[in-house]
């Protein structure tokens, strides 16, 4: 039977789609294959709860790096999420349409800037300011949080703008007709209606922050320790893998793959939260 051009194109697109899924599945299986045996031999509890990372002595514990990754990630959320949500509210609710058409693409261009550029700005500008005015070495949780907060802005703001834009105008008009001011209608009605989409944007921004590598290597300080202050230098899971994988062999290499498994689980959990939030938005 002769296939039409449309059928051939549909088959081609189907093959491309399944090849992408197959690639993701193979990457996942490879990470699990390399990391799970080490976790079974070494002990998952010891690997996650120990804070000592000394490959030369055969000590592999990632609790300090897990805490550091979470501290930097949630610090980025504290910096980036309010700015992103506030910017989205301004662009969608208060800015003239011409201003929105210019500013929204300009902000989204931030996502195309290489992370090493953000890291360079952190090393040359943010870290010296922190060192001179707050103390500490400068390269720290705070510096990494600020840089990652700026890096997640395009994700948070773009998705939040789309969520706010999807709220029907009848919601705004109804609030205004009941005597609410413009800000009250936005705060009491529009934000609540778009809440699920905004939460999804924040969670996706967190996924971007926890998986970032190059900028964090440059600005976090790369010291394996549990931070007790935002001014302490730290090493995240991604930074540890990137720094040591080039020279790791044997058990050390397996431990880095196990670190990748832990990172993979954290990112999947964040993405699962985002999907759940978007499903709630769709149900609403």
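Overview of results
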quantity: Degrees separating the helix 97-108 axis from the principal Cα axis of the chain, which is the longest one; calculated: 10
quantity: Evaluated over the chain, the Cα radius of gyration and Dmax, each in Å; calculated: 22.5, 76
quantity: GNM result for the chain, Cα springs below 10 Å: residue of 29, 164, 49 fluctuating most strongly; calculated: 29
quantity: Sequence ranges 238-249, 5-16, 178-189, ranked by mean other-Cβ count within 10 angstrom, highest first; calculated: 238-249, 178-189, 5-16
quantity: Computed E for residue 97/residue 269 - FRET, C-beta separation, R0 41 angstrom, nearest 0.05; calculated: 0.60
quantity: Residues 102, 190, sorted so that the one with the fewest Cβ neighbours within 10 Å comes first; calculated: 102, 190
quantity: Alpha-carbon centroids, the stretch 38-62 and the stretch 197-231: separation in whole Å; calculated: 22
quantity: Per-residue Cβ neighbour rank within 10 angstrom, fewest leading, 145, 51, 196, 23; calculated: 23, 51, 196, 145
quantity: C-alpha long axis of helix 250-283 to longest principal axis of the chain, angle in °; calculated: 20
quantity: Residue of 266, 152, 198 that the Gaussian network model of the chain assigns the largest fluctuation, springs spanning Cα pairs under 10 Å; calculated: 266
quantity: Ranked 195, 101, criterion: other C-beta atoms within 10 Å, fewest first; calculated: 101, 195
quantity: Degrees between helix 63-89 axis and first principal axis of the chain (Cα, 0 to 90, nearest 10); calculated: 20
quantity: Residue 90/residue 131 FRET efficiency (R0 35 Å; Cβ-Cβ; nearest 0.05); calculated: 0.60
quantity: Structure-based [θ]222 nm, the chain - -39500 (n - 2.57) summed over DSSP H runs of at least 4, per residue, nearest 500; calculated: -22500 deg cm²/dmol
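Taken together, the values in this text are just the output of simple stated rules run on the coordinates, not laboratory data. Keep in mind it's a predicted model, so treat the numbers as computed, not measured. Note that each Cβ is placed from the backbone with ideal geometry, even for glycine, and that neighbours are counted across all protein chains shown.
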